[in-house]
1. Quick one: helix 177-229 against the long Cα principal axis of the chain, what's the angle to the nearest 10°, folded into 0 to 90?
2. Can you compute the charge dipole magnitude of the chain about its Cα centre, using +1 on each Lys and Arg Cβ and -1 on each Asp and Glu Cβ, nothing else charged? Give it in debye, rounded to the nearest 20.
3. Work out the FRET efficiency for ARG94 and ARG204 from their Cβ-Cβ distance, taking R0 = 51 Å, and round it to the nearest 0.05.
4. Translational D (Stokes-Einstein, µm²/s) of the stretch 113-198 at 10 °C and 1.306 mPa s when Rh comes from the Kirkwood sum over C-alpha pairs?
5. Between their Cα atoms, which of LYS44/LYS75; LYS59/LYS101; LYS295/LYS315; LYS318/LYS348; LYS317/LYS398 are more than 19 Å away from each other?
6. Rank-order 12-21, 69-78 by packing density, defined as the average count of other C-beta atoms within 10 Å over each peptide's residues, highest first.
7. What percentages, rounded to whole numbers, describe P(r) for the chain computed over all alpha carbon pairs with 10 Å bin width beginning at zero?
8. Can you tell me the Rg and Dmax of the stretch 70-109, counting just the alpha carbons, in angstroms?
Amino acid sequence: MIIPIQNLVLLPGMICNIRPVALASRTLPQAQAEGQTVTALPVKHRQKDQPLQAEDFYKIGVSVKILKVLEEDGKTRIAVQVLNRVEVSDLSVRGGEIDGKVTPLLDVIDLDGTSRRQMVGYIRKIVREVGSKFQNAEGLVRAISQIEDLNVLIGSICQLIPLSSEEQYSLMETSSLKTRCLTFVDYFMRYKESIQLQIELSQRFTEKASRDYRKTILREQLNAIQEELGEGNGGAAKNYRARIQNAHMPDEIRKAALEEVEKLEKENPASPDYSVIRDYLDFLVALPWQVGKAKPVSLKEARRLLDEQHYGLEKVKKRILQHIAVMQLKQNKQGSILLLVGPPGTGKTSLGKSIAQVLGRKYVRLSLGGIRDEAEIRGHRRTYVGAMPGRILSGIKKAGV
């Protein structure tokens, strides 16, 4: 009789429990005969709710002697003693019964007594090195210290480490005891490396989490001390939030400013970034974000002011008045620039002041002579040491509108 098994390494000499993958109901009474010898044949990859086919089985299995059969929650568990390896040919599956021609196989004992004892000692040693990661580690170490048979030792340990069905079958398929031992050692060393990697990653994560937790606790204590001394970031952050809400900023600018306030709360006042963030926020809230309404301009009044403050320059005055007239007719006209060209002392700057007075706007003088770095106009990156806002934004801040 053939019993299908899965996820097991059964080697000669072992005594263990097996759970058959599938048994026809009418064959169960036969399987329960204690002392009966049956064949346990490993399954490759069984699909759930799919009947077993002949091609689902490996060719090499083991002959086992049934010691005891137990029923637990409707499932069969059989205690068996492994006798020897077998090869199954002409396999057929009919109506839940699995039949085939079973041929016994003999192991090749290509290790002498001294080599076997040395291999047993080496396997015990490498298992002890990672034994603490197994359940009931102390019991496992005691158990393997009493096992002298290499096949029993390898098969027992294989129940505790994750092996693929192909890797499990390779141990059962191999006839050479030496090759089987070396293959097992290779599998176990790979498992040991994965365990060590998991331990290292776990330690790194634990150390990082511990450092982060310690920093959080220390930061909270520091904030509490600073608040007690009146030096904390909480008051500054609250003040900035209030100023930002009252600054009438556009939504995107307000969101960015509040994010900077959150960064400020987390920074140590002694940190260089703390002063950088504060300077940035101070400049943001100082900018005039409200949109002002232009007052109506009288061309007669504009002409009077220009004549009063400048003698002559008729063509220039006429061009200025034309520009103001177009601005009145086309209310949405933006980005207009008047270029006044002339030698020093001919009234260019004073005409600019007069135009600002005529339009009822603030006048800001921006001297760009000798500037070689465009960053002075558009502003430096605030991460730079000594970074300053650009001339244009500084002028807007100075104007206040």
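Read-outs: derived from the displayed coordinates by stated rules, not from any lab. The shown structure was predicted, so the numbers you read here are calculated from the model rather than taken from an experiment. Note that we place each Cβ from the backbone using ideal geometry, even for glycine, and neighbour counts take in every protein chain shown.
1. Helix 177-229 sits at roughly 30 degrees to that axis.
2. On the way: 61 positive and 47 negative charges, 721 e Å.
Value, rounded to 20: 3460 debye.
3. Numbers: r = 56 Å, r/R0 = 1.11.
According to the calculation, E is roughly 0.35.
4. Details: Rh = 13.2 Å.
Approximately 120 µm²/s, per Stokes-Einstein.
5. LYS44/LYS75; LYS295/LYS315; LYS317/LYS398
6. Values: 12-21: 17.7, 69-78: 11.8.
In decreasing order of mean packing, 12-21, 69-78 become 12-21, 69-78.
7. With 10 Å bins starting at 0, P(r) equals 4, 14, 15, 10, 7, 6, 8, 10, 9, 7, 6, 3, 0.
8. 14.5, 41
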